1. Condition check: within 30 Å of residue 369 (Cβ to Cβ), over 23 Å from the mean Cα position of the chain (by Cα) and of a type outside the set (Ser, Thr, Tyr). Does residue 206 satisfy that?
2. Would you point out the residue of the range 83-103, among those that are at pLDDT 80 or above and farther than 15 Å from residue 122 by Cα, that is surrounded by the fewest Cβ atoms within 10 Å (Cβ to Cβ)?
3. List every residue pair whose Cβ atoms sit under 7 Å apart, with the two residues 6 or more apart in sequence or on different chains, where the first one lies in the range 90-109 and is within 12 Å of residue 60 (Cα to Cα) and part of a helix (DSSP H, G or I) and the second, anywhere, is small (Gly, Ala, Ser) and at pLDDT below 80.
4. Looking at (1) among the aromatic types (Phe, Trp, Tyr); (2) closer than 26 Å to residue 147 by Cβ; (3) in contact (Cβ under 8 Å) with a residue 40 or more places away in the chain, which is the one condition that is false for residue 325?
5. So residue 362 passes all but one of these: (1) under 22 Å from the mean Cα position of the chain (by Cα); (2) at pLDDT 85 or above; (3) acidic (Asp, Glu). Which condition number does it fail?
6. Only one residue in 250, 221, 234 is of a type in the set (A, V, I, L, M), farther than 30 Å from residue 316 by Cα and under 21 Å from the mean Cα position of the chain (by Cα), so which one is that?
7. When you scan the range 311-342, how many residues do you find that are in a helix (DSSP H, G or I), surrounded by fewer than 12 Cβ atoms within 10 Å (Cβ to Cβ) and charged (D, E, K, R)?
Amino acid sequence: MPSYTYTAINEAGRRVKGSVYADNELDLEDRLRQLGLDMLEAKTARVKKASKRGRVRVKDLIVLCMHLEQLERAGVPLMDALMDSREACDSAKLRNVMNGVYEAVKNGSVLSQALATFPRIFSDVFVGLVAAGEKTGNMSDAFHHLAEHLKWSAEIRRKIKKATRYPLVLLVVISLVVSVMMLFVVPKLVDFILSQGFSLPIHTRALIAVSYAFQNYWFIILGMPAGLIITTIILYNTSERFAYKVDSIILKLPLIGPVVRKIDLARFTHFFSVMFNSGIDVLDSLRGAKEVVHNRVLKESVELVRTNVSEGNSMTSSLRLSNQFPNLVVRMFKVGEDSGNMKDALINVNFFYNREVNDSVDTMVGAIQPILTVVMGAIIFWVIAAVFGPLYESFSKMKL
């Protein structure tokens, strides 16, 4: 469906300009007439081509869900809601995608099927929640839950970036400082010390050895960490067994392990809550929630929970058997099962994990910063002691 720019006259006799999608100029004229406008002229608008490989921002998807929710609650027919949402999109790519969705629904597809034809834009999670809304007949709640889920996921990504940004920057700075010192500063100081014939203590000899290693084998010293990281990433993406082992080690790391565990379990409980409150049964909710868990060890535990529930065990006993959830969380689920009010129980669980994730990220960042600062200070102290130690010892002997 093309986009038209038009010039029209409103009821007050004033000229107005704008753009709107229409099948043709007759359809455009009819649409404007419904708005109380008399069309004077119109022409096909130039539409910016969106990159087929580009990404749609999460913010754009959130706005789309909120727009569709509001139109659905207002009783606007689906086709009109899709048309209005398409025209309201700021993203050229999302606008083109929604045009495809509109055409698919117009040709007889249900909305979830139309969305599923764009898997790079609308994930299985997105499509699944829309399909659940179609089954229950409550699309407005489905779009509401989707918007909330996307906001929460964006917040989790922000927290992960917060947890990793500063330590990574500091590690890069430390690496650059050490490299510059060993390649340019230390060699000149070492030449001066050796030319004076000073007796060298062990920490000075160690500094000289490291400096020589950097000068002669810097490409190996700097290349090995990069090569190790690249190799690990390739094996992690190609070998399921290796990836499982890495995920298991990550969970056991001090500081990092507890944060990874809480973030993934927060993902699981939040998405389980979204799906369950959207009218999806427990087993399907567990299956969908498992897909948002990244760590393979925790994903395996969630699958164990789903298997136990499918065999007739309660959600509480299944969570306890997984040995991954805190007793407080298990007890919250038990209260929800016993009272028949799982919705409030899930609200409490989500509140618990949101608070735990915030506290854990702040604790980890607060601990890593001083550790890296101490490492940096220790390296600088070593260089100073190794260089100026022999000088001080020599001056002391001259004084005696």
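1. On the way: within 30 Å of residue 369 (Cβ to Cβ): yes; over 23 Å from the mean Cα position of the chain (by Cα): yes; of a type outside the set (Ser, Thr, Tyr): yes.
So residue 206 passes the test.
2. Of all residues in the range 83-103, those at pLDDT 80 or above come to 83-85, 93-103.
Next, only the ones that are farther than 15 Å from residue 122 by Cα stay: 83-85, 103.
Working: 83: 22, 84: 15, 85: 23, 103: 13.
Filtering the range 83-103 for residues that are at pLDDT 80 or above and farther than 15 Å from residue 122 by Cα, the one surrounded by the fewest Cβ atoms within 10 Å (Cβ to Cβ) comes out as 103.
3. Final answer for the pair search is 92/50; 93/50; 93/51; 93/54.
4. (2)
5. The failed condition is (2).
6. Selected residue: 234, the only one of 250, 221, 234 that is of a type in the set (A, V, I, L, M), farther than 30 Å from residue 316 by Cα and under 21 Å from the mean Cα position of the chain (by Cα).
7. The qualifying residues number 1.
Okay, residues lined up against (1) touching a residue at least 60 places away in the same chain (Cβ under 8 Å); (2) among the hydrophobic types (A, V, I, L, M, F, W, C); (3) in contact with a Ser or Thr (Cβ under 6 Å, 6 or more places away or on another chain):
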{"residue": "222", "(1), (2), (3)": "no, yes, no"}
{"residue": "230", "(1), (2), (3)": "no, yes, no"}
{"residue": "238", "(1), (2), (3)": "no, no, no"}
{"residue": "257", "(1), (2), (3)": "no, no, no"}
{"residue": "266", "(1), (2), (3)": "yes, yes, no"}
{"residue": "318", "(1), (2), (3)": "no, no, no"}
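The values are calculated or read from the model by the stated rules, or taken from the named source; none is laboratory data. Keep in mind that this is a model prediction, so the values were computed, not measured. No Cβ is skipped: glycine too gets one built from the backbone with ideal geometry, and neighbour counts run over all protein chains shown.
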